[in-house]
Amino acid sequence: MRAVISVIGKDMVGILAKITAYCADANANVVDVTQTILQDMFVMVMIVEISKLTCPFATLSDELTGLGQELGLDVRVMHEDIFNSMHRI
């Protein structure tokens, strides 16, 4: 099972480190990541393996969303099944 994590907000030092550190603590393995800076905006999309999470998926989502709010970022976590269903024609 995998999840998609998106992060958007004003660029600052340590965004990638803070998000991935939380993922590591929850045993969510980052399998792919892309990021860019658009003018002064940080944009990142990550795919994480969640089959061995040490917390419920809802907790992962809620805590990453909360971390994003603390940092002034929009962080969204979506289960791969939901993501695929939303983007199926």
Mind putting a number on the dipole of the range 40-89 about its Cα centre? Charges go on the C-beta only, +1 for Lys and Arg and -1 for Asp and Glu, and I need it in Debye to the nearest 20.
-> 200 debye
When the chain is fully extended, how far beyond the present Cα-Cα distance does LEU38 get from PHE83, taking 0.36 nm per residue of separation?
-> 13.8 nm
The set of residues whose placed amide H lies less than 5 Å from the amide H of ASP11, leaving out same-chain residues fewer than 5 positions away, is MET41, PHE42
The range 33-89: trypsin sites (Lys or Arg not before Pro) in DSSP loop, at most 10 other beta carbons within 10 Å | LYS52, ARG88
Across the range 23-37, in residue order, what do the Karplus-derived ³J(HN,Hα) couplings come to in whole Hz, using 6.51 cos²θ - 1.76 cosθ + 1.60 with θ = phi - 60° and x for Gly and Pro?
-> 4, 4, 4, 8, 6, 9, 8, 6, 9, 7, 8, 9, 8, 7, 10
Tell me, what HN-Hα J-couplings in whole Hz come from the Karplus equation 6.51 cos²θ - 1.76 cosθ + 1.60 at θ = phi - 60° for each residue of the range 3-11, using x for Gly and Pro?
-> 9, 10, 10, 10, 9, 9, x, 5, 5
Intensity falloff of the chain expressed as log10 I(q)/I(0), Debye formula with alpha-carbon point scatterers, at q = 0.17, 0.19, 0.20, 0.23 Å⁻¹ | -0.67, -0.83, -0.91, -1.17
So what's the angle, to the nearest 10 degrees on a 0 to 90 scale, between helix 57-71 and the longest Cα principal axis of the chain?
-> 0 degrees
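Since every read-out is calculated from the coordinates, none of them should be taken as a lab result. As the structure is a computational prediction, the values presented were derived from the model and not from experiment. Ideal geometry is used to build each Cβ from the backbone, glycine not excepted, and the neighbour counts take in all protein chains shown.
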